[in-house]
Structures are given as C-alpha cells and as structure tokens.
1. Multiply the residue separation of B:Asp203 and B:Arg58 by 0.36 nm, subtract the distance between their alpha-carbon atoms, and state the gained length in nm to one decimal.
2. Using a 1.4 angstrom probe on the protein heavy atoms only, could you order B:Ile149, B:Ile290 from most to least accessible area?
3. In terms of modelled amide H atoms, which long-range or inter-chain residues lie less than 5 Å from the amide H of A:Phe82?
4. Using only protein heavy atoms and a 1.4 angstrom probe, determine the accessible area buried between A and B, summed over both sides, in Å² to the nearest 100.
5. Under a cut-off of 20 Å between alpha-carbon atoms, report the aspartates and glutamates in cross-link reach of B:Lys69, not counting same-chain residues fewer than 8 places apart.
6. Counting only protein chains, not ligands or nucleic acids, how are B:Arg104, A:Arg357, A:Arg247 ordered by accessible area (probe 1.4 Å), most first?
7. First measure r as the distance between the Cβ atoms of B:Arg40 and A:Ala393, then evaluate 1/(1 + (r/R0)^6) with R0 = 60 Å and state the FRET efficiency to the nearest 0.05.
8. Rounded, prolate or oblate: which fits the stretch A:258-320 when a ≥ b ≥ c are the square roots of the eigenvalues of the alpha-carbon gyration tensor, with rounded for a/c under 1.5 and prolate only if a/b beats b/c?
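The values are calculated or read from the model by the stated rules, or taken from the named source; none is laboratory data. These numbers were taken from a predicted model, which means no experiment stands behind them. Positions of Cβ are generated from backbone atoms using ideal geometry, with glycine treated the same way; all protein chains shown enter the neighbour counts. Accessible surface areas use protein heavy atoms only, side chains included; no ligands, DNA or RNA. Shrake-Rupley method; radii C 1.70, N 1.55, O 1.52, S 1.80 Å.
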Amino acid sequence: MGLTLKRIGFGALALAAVALPLRKEHSPGTMQSTTTPALRLDSLYWQRRAAHLSWSAFDLRDSAMRTVATAHAGGARPAVAFRGFASVTSNAEADSIITTLWSQIGHTNPNVTVSALIYNTRTYAQPSYIGALITRHDDRTECVAISPAGFERNGQVTLWRQDLAEALAPCTLLAMFGAPGTGVAGWLSATGYAAAQSNLWLVPRKVQLTRGPWIEWDETGAGRRWPDDIFGWMQSIGLFELAVTMRPPYVYGASGLRCINGDQAACVAGVLHSAIALPAADSMPPDVTLSAWLTHPKVTTVATIRPPSPEFVAALITEFGRERFQKFWAADRSFEAAFQDAFGESLGTWTAGWAAREWRGTYEAQHLNADILLGVTLKPSWLPLTIGWTLVALLVAGWVARRRTA
Amino acid sequence: MRNRPLFAIALGMLLLPVPGAAQQAAAWRDSAQRLDVAVRALRDSMLQGDSTAAEVARRGDLAIAASPKQKTNAIDALDRFVRVRDRWYGSEMPSASGFRIVLRTESGPRSNGSLDSAGAVILAGLPDTEGAMRTQRIVSASTVASALIDRFGEMMIASVPTLSAWMETPPPLSMDESERRDQAMYAFVTAMGPIERRCVAGDVTACSVAMRIRQVEGAEDGDRYSPFMRADLLYFALDLGGPGAWARLRSAADSGVGAMLSAAARMPTDSVLARWRSGLLALRPATAVITARSALIAITWSAILLIGALGASKWA
C-alpha cells in the first residue's frame, strides 16, 4: 500500500512537471490600464494619430496634384516645390539627393513626370504622411514624392534625407522603367508599393548589414511576450541568453521563416499574398504609396504572412540588371509568368535564395544565431524542469536500486 | 506654353478629383482638431490629480502628494528625485511657474506586495501656478521614482526648444550612470558609418558631425549617432561643468547646440567632444576575462550533465 501511494505520488509529480509549462501565464509586459479615463485617453491618442495621418495624406495629395499640374514631362530632373515655408524656393540637401539619383538613372522615360513636394512638418504637428502620389492618365504617369522637413530658427530648412530618398524610390522606378505592365501594376497597387521603396539599385548601401527579407510585424494581443518575462533566477544561470540565441526571428512570421529555410511556396505566398491591409479609401487616398507600418493588420500572429522588405524590387534590379528587369516590369502578364519569362527562374526559387541571403546579412544572423529552427522550440522553463525532474528520477532510481540490493 | 489646349485639358483632368479630396482633407482636419481638443480636455482633467491624494512631504521648492497607500513610496521617490535633480539640474525648473507630474499607479504582476495597489502620486515644483509645465502617466507602483525623474528630464529638455530638437527623444535620466556609459561605449565602438569610424579614430570634427552639432553635405543619415548617444554627451557636458551647468546651457540656447554644450562644460565644444570620446574609449574592457558568474554557470551545467551521463547506478 505504501509503495502504491508512493508510485501514485511520483506519477502525480511527473504529470505536474509536464503540465506546468503549459499553464496560461499573465503577460506582464502588457500594461493593462484599469482606469476608465486612461483607457479613454489611450483610445483618443490612437484616434487622433489616425486622424492626423489621414488629414495630412489628403491635404498633401491636394498639394501634390497642384504640383503635377505645373511639372514638365520627361524633364532632366524633378522640380521641387515647398509648402509651409515662407520664401523658400530651394534646398541644397534636396538638390543633392535628386542629383545623385538622377545622375545614376541617366535617360528617363519621356512619359513620366517626377516632382517632389517638401512640406513643413509643423503644419500637422503629429505623425504626418510620407510617400508618393502616383497618377496615370492614358500613357502619362505622374509621380510626386512627398516628404517632410523642419524649419530652423535661422531660416534654414532641415531635411530628413532618408525620408525624401524613400519617398522618391517609387518615382525613380517609374522614371527609369516607365509605367508597369498589368501584372506588376496590380501587385504594386495591392501592396501600396511597400516592396518598392528603396534606391539601393541606384546607390548601393555603405554598410554591410542588411535589413532582413521580410517586414517585421510584432504579434498583437495577449499572445505576445516580452523579453523580461523570465524569472530572475533563469537569467542568473544564463537561460535567457540561451533562449535568445536559439529562438528564430518570429517577427518574420511562420511563412517568412519557412521561406528562409527554402520553402518556395511560402516565398511565393509572402510576395503575392501577404496580409497587407490597405486603409479604407475614405481614410487614405487610394493613389498614394504606403509604408509597411501604415499597412500593418490590426491582428497579427505568427501565422500572419509578412510582405517582403522595401528593398525587394531594388534587389531584383541589382541582381538581374536593368534590361531584364525592364522586360519583367513592362510585361502584360501575371506577376509570376512575367518573372519566369524575364529572369529565367521561378519566383519561389529566386525569393528563397534572396531571403536566405538577406537573413544571413542581418545583425541577428551574424552576431547571434544564423540557424532558424522550425517546429517546436524550447521554452526557457523546459530546460531546468527537464533537468530537475531527471535528477529526481535518478535519485528515486538510485534509492530503489539500493533497497533492492540491501 | 506650346501645347496650351493639351495643357488645359490635362490641368482640368488633374483638378477634377481635387474638390473631392479637398473635402476629405477638410473633414479629417476637423476631426483631428476635435480630437486634439478632446485629448487636451481629458488630460487636463486627469492632471488635476486624485482627490484622495494629500501632501506627504516637502523638500525646498518641491512638494509631493500621494494617496494613502502610496505615501511611503512617494516619500522615497521624492528623496531619490531630489538627489538626481541636484546632480544634473541644481535648483532649476522647466518653467518659472514650476511644474507638476501626476502619476497614476497600478499593480504590476511582479510588484512588491507593499506597493501593490492603485493610487496617485503628484509631484509639484513650486509655485506650480497657471503656466507650469504639466504631464501625467500611468505607471507601475514600483517605478514611481524612475517615472518622476524621467518625466522631469523630459520637461527640462522640452523647455529648451533647440536642445529638444537636437535630442529628438527624451534622455534616460533615471538610468544608472555607469550602465548608460557602458551602453554608450558599446554603441560608440561598434558604430559602422564612415563618419562614426573617423570619430572613433580621433577626428573630433567627425564627432561633431556624427553628433549633429555640425552639418556637412554628403553625410548620410546612417552617419549620425542615435539620440541615446546625444543624451550621453549632454550629461557628460553637464558633469564636466559642475554646479550651474544647466543654467549656463540654457543661457546659450539661442546660439546653437555646440555653444550650449560649451557653456555647460565651460570649455570649447571640440574639447568637450574630445574628452567625451576619450572617456568612452577608456571604458572598453582591457581583456576578455572569465567572471565568477560565467565560471559558476559553466561548472553547474557541467556537473548536471555529468550526473546524467554517469547514471544513477554509479551512485547506488
């Protein structure tokens, strides 16, 4: 009877050891506001932010349309207009960026008009729109890059170079390659040009690290965890560092991770069927480009398919050259068919190789861990639990063995 | 214009959608302005504070009030706040009318039992009159002191617009100084932009460009240090200058960031940068050493795995 009780007790302990890691835990990183005014304030902040973004987008679109009306098609370089700066008609930094890009483009498409609109960021006071307005009428295409700048007390306009360069990126593609064919045009419209916002094909990067192949979307909701959600003693014995070096980059989503590991179907899904959520037409003009953070779906889990990074299109041009890219860009065929026809390999094959290269070039891959382990990975609590219960099992086995030999 | 009819048609076509877009822009602008008003009104009502909070302590021109369960927490926080404020800002305030920081405390899942309660802590820099700078946050009860210090740091930076524009994001005033310096050292020596590498190599002009003190054409955005590094430089300059450093910095606010740092530290800007650079380089570890912690971890894991490998029968 005593032995039976001991066996039952041991079995219960073993069951608890298995069930312990599976219990639902509170997410301490998510601060749950309990006061009604605080909840209301949070909600108002988000609504205000969204309203300011929509206001700036529609208002700047109006200004951009007026800029289009006065621009000249196929000009040697884009004209730059300023809004919100009294008596400012030029800016050396803007000229420098445009000169650098247009000198690399060379001969531009005569049916494409490019201009830039630089606005005073104080006009909207909140996060405001950055991107490009792209319109098409018959065989003419107009692209206006919209970018903010600050105004110093001494009358100098302070431009954020990276913002203007990224806003110009879709325009440089159009200026070089003209209007896209039906397959590519449909894809660009459906994704808000999210994967075509880099000028790396014109101005190579100066640092060796890459941005990563997919847009990094964090998970939303109660399922997300924070790095400090680890017991203090686990950190003191190095378990936290172990977990960080072992975990895959979940921000890429399951599809992105499978693509990096060579799953071509996952690669195609990421490029063509990502979870980009375009805003409603009454909250954002339909003919402006959108950055990845404006197209983030409300609910994101590990299963959400992330879109490719803003450097995807630039990478295609860099690898295959302008001539073959022109063939792909202008083809009136489906995206995949145009890709295969122009580049001689399937979208899935090339994207898998590209994603793996981009991943290996990131800081995480080079300095933490380049291996991506798919499937079940260990929770930090499993290691000490496994070792602990192994010790208990060994002690019990040893005790039983001693009793038998006694 | 050579093609006037074509231009007129194109202009007309382009302008056709404009009225619709203009109406949407106006509607969103009105919505944004209504929301601005609503946010300000709600924040103002929350900034009045909790009616159950009563004054619990004073230190010179600072007074702190707290709800009953946060009284001890508030007094401890005030003492820490005074030490930090005296260290970096002396008796300065973000505004001649004073300031007010309202914190609403909430329970965190790992908070200390004695602090585990909702309440309010209100720190006022007297006179705290009509024009005082005000802010409010919701924080965990265990982080009241850090929250007061960080909010104060934000307000002090915001009170100097040129400095605020240069800093971009508020500096971590509550951060442990040695930890801040260590992180700055790591960021400094591992930065990869060409201008940043020249700064590490000893080119002080490159340091001033990387710190956005000087502007140079052709420098890419990647060649700039982060706001955290600028915060480290600011506090280094305040430390160099000693008592009155912040007041001197503010007096030079119209002369640019370089002049402000120079006034604070009481030496030329390039000298401040050179000393800052040398100070960070001096923090680099001399050699890779095995610490007691890493040795203990290695031995512990080795022992555990050895026991498992040998098997229980060896011990029976």
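1. Using 0.36 nm per residue and subtracting the Cα-Cα distance, I get 47.4 nm.
2. B:Ile290, B:Ile149
3. Long-range HN contacts for A:Phe82: A:Ile118.
4. Approximately 4500 Å², summed over both chains.
5. B:Asp50, B:Glu55, B:Asp79, B:Glu106, B:Asp116
6. A:Arg247, A:Arg357, B:Arg104
7. After rounding, the FRET efficiency stands at 0.40.
8. oblate
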